[in-house]
Amino acid sequence: MKFGLFYELQLPKPADADDWDPDAERRIFHDMLDQVELADSLGFDYVFEVEHHFLEEYSHSSTPELMMAALSQRTKNIRLSHGIVLTPPRYNHPARVAERLAALDILSNGRVEFGSGESASEMELGGFGVERRLKKAMWEEATREILNMMTQTPYQGFEGEFFSMPSRNVVPKPVQKPHPPLWVAASRRETTMVAARLGMGSLGFGFETPEELGERTQEYYRLIREELMPIGHAINPALAVLNTFMMADTDEEAMRRSANGPAFFSYSLGYYYNPAVGGKHKPGVSNVYRDFLNRSDETASRQIERGGFLSPEQIASGEPEDEIQKALYRAARSGNAIGTTESLRRTLLKYEEQNLDLMIFVAQCGDRRHEHIMESIEKFGKELLPEFRERHLTNHTKWRKEQLRGVDMPINSSI
Amino acid sequence: MARPSDIRNDELRAQLEAAFVAMRAGRGGEAVKTLAAAYLRFFELFPDAKKETFLFRGFTIPRMMRWPNLGANLKPESAPSGTPEIEFERDRFAASEAMTYYQFVLDEILAKQDADR
């Protein structure tokens, strides 16, 4: 199992003020650069950054390509991963996505991972005029063509349903051939299986338990072997799962430092992605963090108090059935990767046993402190990462080779 | 492992197999139409499935409304009546849309089959 960090660039407003400290945005951008630079020096494998627009407080990461460009000059080995780029053409013209990915791949000497997706928040869909019921079809058409732009010389041009352009040579071309490894955002089981059929890595935003993961992993790799209909020119067989993360010398201290990060992560995600609530957001006026603290939902309030030290079985008990709601619930309940070295080892071994390819940690969320995130990254990098890496290179690599036996598509994967 | 061959009902199995062939051949529209028909037939064959619900944001919702509205949309007013209807906004569907519907219907049928075992 490999490890990565995940960034939304969350920035809650102060509860007692209507606006941020004027230096707040500059600070979280530079904090992220410092955190990833440290993670790279310790051997973390990936950094994933989202692309979101207008989701105040939940995510100030609207230009991941710029953050990745900065990171390309401050890091040496860590994979610079879009998790994800919004590819429906109204967000980003496909040719601009292909150009930016290739330029970043050159700047980073071939370290780019290309995750793509559609988003589902009304703030973003409405802001860019993307029709909800067509977004998946838009995503597929644009993503397919972006990959053609990176591989065809010249690009043959395209007359599509959602965008068209004449033949042009889209330059530069990426260092990685035929193109960087592909990922797609997957918060439901069926999307993970779509990812498998299309030959893409599945970025699991569902906070899956080890037990669920075992079944998904088997089915995902079976579909890669038996039902592949690749969207690109090389496949990336890979399953990733998100988990909230904070470490300290005691479980209690880790929970204290975790603060309300996971609960705010969950609350603000639900706030923007629920059409009934997200649609009422007043841009530049609403204070999501204050709403979060004042919410009347007792269950949600208890999540902060009881947040950690729950076994996957406890987390699974009494949770919503709908997969998106379940993911929010689990994100808030945290527990899995918050604690001491020994607590984390115990939990992560369960994921390793289920042959997970990549665990991605959400460290920066809510009002957590930069210095606590830095200490956690250092602790994990020194006390846990080496043993997992060793087993990855031996056991997991062998297991994966067996899973992919007989697959005759080119593979470009950094797992 | 979830395959159409795991479906015990002959009619539903045949529909899912036909949808799979259409999906693999790049005929997304045909696949989605077949899957929508299979989903509606599923409720005719297993009427107790119509009564199943799930909790969503504090509301009790008929389980059948989990159907993904990606252009073949379940009429919301048809769910409580117990006679679900799916209307098509368009004829063409992308491969990923067909795959989404395929996986959803396959999983729903197999889940019901397992629950009844």
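The values are calculated or read from the model by the stated rules, or taken from the named source; none is laboratory data. The shown structure was predicted, so the numbers you read here are calculated from the model rather than taken from an experiment. Quick reminder, even Gly has a Cβ in these numbers, built from the backbone with ideal geometry, and neighbours come from all protein chains shown.
Is there a residue in the stretch A:286-296 that is within 14 Å of chain B (Cβ to nearest Cβ) and either within 25 Å of A:Gly127 (Cβ to Cβ) or at pLDDT below 90 (or both)? Yes, that holds for at least one residue. Filtering the stretch A:119-135 to residues that are closer than 24 Å to A:Gly232 by Cα and in contact (Cβ under 8 Å) with a residue 60 or more places away in the chain leaves A:Ser119, A:Ala120.
If you scan the stretch B:52-87, which residues turn out to be among the hydroxyl-bearing types (Ser, Thr, Tyr) and either within 21 Å of B:Gly28 (Cβ to Cβ) or not in a loop (DSSP other than H, G, I, E, B) (or both)?
Let us first name the residues in the stretch B:52-87 that are among the hydroxyl-bearing types (Ser, Thr, Tyr), namely B:53, B:60, B:78, B:81, B:83.
Correct list: B:Thr53, B:Thr60, B:Ser78, B:Ser81.
Tell me the strands (runs of 3 or more DSSP E) entirely within the stretch A:1-109 that contain at least 1 residues that are acidic (Asp, Glu).
On the way: elements: A:2-7, A:46-49, A:79-86.
Answer list for the stretch A:1-109: A:46-49.
Here A:Leu107 meets the list (1) among the aliphatic types (A, V, I, L, M); (2) touching a helix residue (DSSP H, G or I) at 6+ places or on another chain (Cβ under 8 Å); (3) under 29 Å from A:Gly43 (Cα atoms); (4) crowded, with 20+ Cβ neighbours inside 10 Å almost entirely, failing just condition (4).
Would you pick out the residues in the stretch B:65-77 that are surrounded by 15 or more Cβ atoms within 10 Å (Cβ to Cβ) and either farther than 23 Å from A:Ala137 by Cα or among the basic types (Lys, Arg) (or both)? B:Arg66 - this is the single residue of the stretch B:65-77 that is surrounded by 15 or more Cβ atoms within 10 Å (Cβ to Cβ) and either farther than 23 Å from A:Ala137 by Cα or among the basic types (Lys, Arg) (or both).
Residues that are within 16 Å of the chain's Cα centre (by Cα), among the hydrophobic types (A, V, I, L, M, F, W, C) and within 14 Å of chain A (Cβ to nearest Cβ) within the stretch B:36-76 comprise B:Met64, B:Met65, B:Trp67, B:Leu70, B:Ala72, B:Leu74, listed in sequence order.
The helices (runs of 4 or more DSSP H) found wholly in the stretch A:161-276 and carrying at least 2 residues that are within 14 Å of chain B (Cβ to nearest Cβ) occupy A:189-198, A:210-226, A:261-273.
Among B:Asp91, B:Asp107, B:Asp114, which is the only one that is among the acidic types (Asp, Glu) and over 20 Å from B:Met1 (Cα atoms)? Let's see the steps before the verdict.
Working: B:Asp107 fails: over 20 Å from B:Met1 (Cα atoms); B:Asp114 fails: over 20 Å from B:Met1 (Cα atoms).
Of B:Asp91, B:Asp107, B:Asp114, the one residue that is among the acidic types (Asp, Glu) and over 20 Å from B:Met1 (Cα atoms) is B:Asp91.
The residues of the stretch B:1-39 that are farther than 20 Å from A:Arg225 by Cα and surrounded by fewer than 18 Cβ atoms within 10 Å (Cβ to Cβ), listed by number, are B:Arg8, B:Asn9, B:Asp10, B:Glu11, B:Arg13, B:Ala14, B:Ala18, B:Ala37.
Restricting B:Ala79, B:Ala98, B:Ala25, B:Ala94 to residues that are more than 12 Å from every other protein chain (Cβ to nearest Cβ) and among the small types (Gly, Ala, Ser) narrows the list to B:Ala79. Restricting the stretch B:88-115 to residues that are touching a strand residue (DSSP E or B) at 6+ places or on another chain (Cβ under 9 Å) and part of a loop (DSSP other than H, G, I, E, B), the residue that is nearest to A:Arg189 (Cα to Cα) is B:Phe93.
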